[in-house]
Amino acid sequence: MAHGDPLPPHVLIFPLPLQGPVNNMFKLAELLCLAGVNITFLVTDHIHRRLSRYANIHSRFRRYPGFKIATIADGLPADHPRDGNQFIEIFDSLKSPETKAVLRDVLCGDGGKQGPLTCVIADGILGFAFDVANDVGIPVISTRTVSPACLWIFFCLPKLIQSQEIPFPGNDLDELIKNVPGTETFLRRRDLPGFCRSGDISDPNVKLYETEGQINSRARGLILNTFEELDGSILSQIRTLCPNLYPIGPLHAHLKTKLLAGETAATASPPASSSLWQEDRSCIGWLDNQPLRSVIYVSFGSIATLTKEQLMEFWYGLVNSGQKFLWVIRRDSVAGKDWKSQAPTELTQGTQERGYIVGWAPQEEVLAHLAVGGFLTHNGWNSTLESVYEGVPMICWPYFLDQQVNSRFVEAVYRLGLDMKDTCDRVTIERIVRELMEMRKDEFLQEAKKMGELAKRSILEGGSSYTSFERLVSDIKTWSSRSLRCDN
Ligand code: UDX
């Protein structure tokens, strides 16, 4: 930069303190660094400790002089598990007056060598961050890491409650939903986010998401991790409420492609790992020795937990299907830790012959591996997009939140797999694995390949996500130059 040139825009990125959102926002941060934007990445102390232990974030971002990490306390006791089941507690604790004050100080500080903060990108659920940014006159852009389909349902929650579609009258979970425009022909009660089943509209989850539409309307735009060719119909619904959308996904691949294009020599290496667990790379060697498209990869993401009974049903179903399988069982994901030692011989033997179990896998690499022909997934949005991008068909076993919606979209809209939500017995699992990996294998692989190609095109020059990202950077630059900042 020549002497006297204005500083580049300086953006604060504030993700939700969970693996999926943090993963995602690191990717957005790196994309923006590549585009010449300075970044302060705000995470909780807890996330920061885990990142320092397992991920190579610090060394990765050392190559971007305009990047730094800042931390904020989440206010929870050290021994709090901070998993998906305690999501509301994390959220409530985060929006305390103390956090707001710290955030205000960060936003109003001089920003060091990166210069003053000129824009905030915050998870759309962190409404308090929008309040603070608006208060101090810094433009804010919302981002959501849940799927657009689920976000659209959140936007429709007030209408669903008003029309008394939720709480559900009666018990029929297959009844179609009428008040989510654009989905009337396929969205059933059972496909709504799980908390809609509680029968209680004072449920803190319902309250949290009911205000979502209002929060997003306070932002200048909304960044979504999807691409037009996949989610065009839902995006056009969301645009009726948030006209300025930036669909820039699949983010993981968008970043990888830009890095490989070697936009700067210093960055021509794979993206940072932001894993919160130690990856077991031995599974790649195991995959190398398996035939083409013969393995079903099984993983339920970073939050879902299984009961010991559910684990046994999946294990029997997988072994009985006769298919090869690579299964991620996180150490903290099974209730009752003695599952391995107590496993019946037929399971350990079947696994020795056809299976491989790890505690955490390099998932993107696994899904890109030619031996993988299917993915039994909880349909977290990242996992879903990673699978779409690699052209891998899915079996869907959602755990919570947007996953219930995503799984319906995978089967009924994208037509890339089979949804087995609300079932968990070995007979169904065996049948559905055989259906995806044997009986309808070619059909699903073909469809998945087509969508994977569209995904790949969307992030290349001139593609839909590529163009949206260019517009995002240009808008950030324009707004940053006009930002009012801390004048009150
Ligand atoms: C959470 C929510 O549950 C999900 O619904 C929401 O869309 C995002 O946040 P999570 O369980 O973290 O999801 O799942 P997902 O969004 O799929 O993210 C998991 C990430 O961990 C993926 O990027 C995946 O590649 C990675 N992963 C998973 C690994 O790297 N290794 C593994 O073994 C498993």
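Looking for whichever is within 12 Å of the ligand (Cβ to nearest atom), surrounded by fewer than 24 Cβ atoms within 10 Å (Cβ to Cβ) and not in a loop (DSSP other than H, G, I, E, B) here; the options are GLU309, GLU364, GLU313. Which one fits? First the steps, then the outcome.
Details: GLU309 fails: within 12 Å of the ligand (Cβ to nearest atom); GLU313 fails: within 12 Å of the ligand (Cβ to nearest atom).
Being within 12 Å of the ligand (Cβ to nearest atom), surrounded by fewer than 24 Cβ atoms within 10 Å (Cβ to Cβ) and not in a loop (DSSP other than H, G, I, E, B) holds for just one of GLU309, GLU364, GLU313, which is GLU364.
Might you check whether a residue that is under 18 Å from the mean Cα position of the chain (by Cα) and open to solvent by 30 Å² or more (accessible area, probe 1.4 Å) occurs anywhere in the stretch 16-36? So that I can check it myself, show each step before the final result.
Filtering the stretch 16-36 for residues under 18 Å from the mean Cα position of the chain (by Cα) gives 16-31.
With the extra rule that they be open to solvent by 30 Å² or more (accessible area, probe 1.4 Å), the set shrinks to 23.
For the stretch 16-36, residues under 18 Å from the mean Cα position of the chain (by Cα) and open to solvent by 30 Å² or more (accessible area, probe 1.4 Å): present.
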All positions within the stretch 89-107 that are open to solvent by less than 50 Å² (accessible area, probe 1.4 Å) and either outside the structural domain of PHE14 (by TED's automatic domain parsing) or under 17 Å from PRO139 (Cα atoms) (or both): LEU103, VAL106, LEU107
TRP339 fails exactly one of the following numbered conditions: (1) open to solvent by less than 20 Å² (accessible area, probe 1.4 Å); (2) more than 19 Å from MET394 (Cα to Cα). What is the number of that condition? (1)
Please give the number of the condition CYS396 fails out of (1) more than 11 Å from the ligand (Cβ to nearest atom); (2) closer than 30 Å to ILE234 by Cβ; (3) surrounded by fewer than 18 Cβ atoms within 10 Å (Cβ to Cβ). (3)
Give the residues of the stretch 316-330 that are touching a helix residue (DSSP H, G or I) at 6+ places or on another chain (Cβ under 7 Å), open to solvent by less than 20 Å² (accessible area, probe 1.4 Å) and of a type in the set (D, E, K, R), sorted by residue number. none
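Let me confirm something: among VAL427, VAL388, which residue is among the aliphatic types (A, V, I, L, M), open to solvent by 10 Å² or more (accessible area, probe 1.4 Å) and either within 16 Å of the ligand (Cβ to nearest atom) or in contact (Cβ under 8 Å) with a residue 40 or more places away in the chain (or both)? Working first, answer last.
Values: VAL388 fails: open to solvent by 10 Å² or more (accessible area, probe 1.4 Å).
Exactly one residue qualifies, and that residue is VAL427.
Can you find a residue in the stretch 342-355 that is outside any helix (DSSP H, G or I), within 16 Å of the ligand (Cβ to nearest atom) and either farther than 20 Å from GLU279 by Cβ or hydroxyl-bearing (Ser, Thr, Tyr) (or both)?
In the first step, residues of the stretch 342-355 are kept if they are outside any helix (DSSP H, G or I); the result is 342-344, 355.
The next check asks that each one be within 16 Å of the ligand (Cβ to nearest atom); those that pass are 355.
Keeping just the survivors that are either farther than 20 Å from GLU279 by Cβ or hydroxyl-bearing (Ser, Thr, Tyr) (or both) gives none.
No, the stretch 342-355 contains no residue that is outside any helix (DSSP H, G or I), within 16 Å of the ligand (Cβ to nearest atom) and either farther than 20 Å from GLU279 by Cβ or hydroxyl-bearing (Ser, Thr, Tyr) (or both).
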Looking at the stretch 114-221, what helices (runs of 4 or more DSSP H) fall wholly within it and have at least 2 residues that are within 16 Å of the ligand (Cβ to nearest atom) and either charged (D, E, K, R) or surrounded by 15 or more Cβ atoms within 10 Å (Cβ to Cβ) (or both)? 148-162, 204-210
Unique match (being out of contact with any strand residue (DSSP E or B) (no Cβ under 7 Å at 6 or more places or on another chain), open to solvent by 20 Å² or more (accessible area, probe 1.4 Å), away from the ligand (no atom under 16 Å from the Cβ) and more than 15 Å from VAL298 (Cβ to Cβ)) among LEU454, LEU401: LEU454
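The values are calculated or read from the model by the stated rules, or taken from the named source; none is laboratory data. Predicted model, so just to flag it, every value in this text is computed and none were measured. Backbone-built Cβ (ideal geometry, glycine too); neighbour counts: all protein chains shown. Heads up: the accessible areas ignore ligands, DNA and RNA and are worked out on the full protein's heavy atoms, side chains in. Shrake-Rupley method; radii C 1.70, N 1.55, O 1.52, S 1.80 Å.
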